[in-house]
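Novice: Sharing a structure, written as structure tokens. Questions coming.
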Amino acid sequence: MNKNEIGKVIVRAVLGLTFFIHGLSKFQGGITNTVGFFDSIGIPGFMAYVVALIELIGGIALIVGLGTRIVSILFALIMAGAIFSAKLSLGFLGNGQMAGYELELILLVISIYFVLADKSQISLDQKIFQS
């Protein structure tokens with residue numbers, strides 16, 4: 001095992017944890033608030049449930065390294081959607097009242113990295129689907 005592998009695992013786990021916490025907060029804070037926000041920006045409200053579940057379940061999967069490429073594609077789509085539907089008009093750093101799209105951009109780029117990267121040696125994917 002080399003330093004790059006260890007770094008990849010750390011980044012994957014933090015990305016997974018970040019999405020897990022965001023998904024969890026959507027449910028804990030009352031998913032109806034998120035449904036209302038989605039409706040207000042022209043996205044069907046039921047998509048709030050889809051996004052929150054992907055973040056919650058996908059976050060756990062990413063932490064353990066299960067379905068990393070598929071989950072990362074879903075995360076990248078969610079972040080691209082967030083940037084273009086809700087954040088782009090606020091600018092990179094925001095407008096002083098709301099945050100900009102800097103966090104979403106970082107999460108998008110990290111997700112794309114995991115779509116393109118080789119499987120980690122330290123993952124459930126590697127243990128189950130040894131190639």
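The values are calculated or read from the model by the stated rules, or taken from the named source; none is laboratory data. Note that the coordinates shown come from a computational prediction; the quantities given were computed from them, not determined experimentally. When we count neighbours, we look across all protein chains shown, and the Cβ atoms used for this are built from the backbone with ideal geometry, even at glycine.
Novice: Let me confirm something: among 129, 114, 92, which residue is among the hydrophobic types (A, V, I, L, M, F, W, C) and either in contact (Cβ under 8 Å) with a residue 60 or more places away in the chain or under 19 Å from residue 25 (Cα atoms) (or both)?
Specialist: 114
Novice: Which one is farthest from the chain's Cα centre (by Cα) among residues in the range 109-131 that are in a loop (DSSP other than H, G, I, E, B) and within 16 Å of residue 11 (Cβ to Cβ)?
Specialist: Within the range 109-131, the subset in a loop (DSSP other than H, G, I, E, B) is 117-123, 129-131.
Narrowing the set further to residues that are within 16 Å of residue 11 (Cβ to Cβ) leaves 117-123.
On the way: 117: 16, 118: 19, 119: 18, 120: 18, 121: 22, 122: 20, 123: 18 Å.
Looking at the filtered set, the residue picked out is 121.
Novice: Could you check residue 84 against (1) of a type in the set (Phe, Trp, Tyr); (2) outside any loop (DSSP other than H, G, I, E, B); (3) touching an Asp or Glu at 6+ places or on another chain (Cβ under 9 Å) and say which number it fails?
Specialist: (3)
Novice: Hey, another quick one. Checking the condition more than 14 Å from residue 12 (Cβ to Cβ), among the β-branched types (Val, Ile, Thr), modelled with pLDDT of 95 or more and assigned to a helix (DSSP H, G or I), which residue from 106, 70 passes? Spell out how you get there, then give the answer.
Specialist: Working: 70 fails: more than 14 Å from residue 12 (Cβ to Cβ).
Sole residue among the options that is more than 14 Å from residue 12 (Cβ to Cβ), among the β-branched types (Val, Ile, Thr), modelled with pLDDT of 95 or more and assigned to a helix (DSSP H, G or I): 106.
Novice: Just checking, which of 45, 23 is of a type outside the set (Lys, Arg), touching a helix residue (DSSP H, G or I) at 6+ places or on another chain (Cβ under 6 Å) and in a loop (DSSP other than H, G, I, E, B)? Break it down into steps so the answer makes sense when it comes.
Specialist: On the way: 23 fails: in a loop (DSSP other than H, G, I, E, B).
It is 45.
Novice: Return the residue satisfying two criteria in turn: it lies in the range 52-84 and is farther than 25 Å from residue 120 by Cα and out of contact with any Gly (no Cβ under 8 Å at 6 or more places or on another chain), and of such residues it is surrounded by the most Cβ atoms within 10 Å (Cβ to Cβ).
Specialist: Initially, the range 52-84 is screened for residues farther than 25 Å from residue 120 by Cα, giving 52, 81-84.
Still in the list and also out of contact with any Gly (no Cβ under 8 Å at 6 or more places or on another chain): 81-84.
Values: 81: 16, 82: 20, 83: 18, 84: 12.
Top of the filtered list is 82.
Yes/no matrix, rows are residues, columns are (1) on the phi < 0 side of the Ramachandran plot; (2) surrounded by 13 or more Cβ atoms within 10 Å (Cβ to Cβ); (3) out of contact with any Asp or Glu (no Cβ under 9 Å at 6 or more places or on another chain):
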residue	(1), (2), (3)
89	yes, no, yes
95	yes, no, yes
106	yes, yes, yes
109	yes, no, yes
112	yes, yes, yes
116	yes, no, yes
121	yes, yes, no
124	yes, yes, yes
129	yes, no, yes
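Novice: Considering 62, 17, 53, which residue is of a type outside the set (Gly, Ala, Ser), under 16 Å from residue 115 (Cα atoms), without any contact (Cβ under 8 Å) to a residue 60 or more places away in the chain and in a helix (DSSP H, G or I)?
Specialist: Values: 17 fails: under 16 Å from residue 115 (Cα atoms); 53 fails: under 16 Å from residue 115 (Cα atoms).
So the residue among 62, 17, 53 that is of a type outside the set (Gly, Ala, Ser), under 16 Å from residue 115 (Cα atoms), without any contact (Cβ under 8 Å) to a residue 60 or more places away in the chain and in a helix (DSSP H, G or I) is 62.
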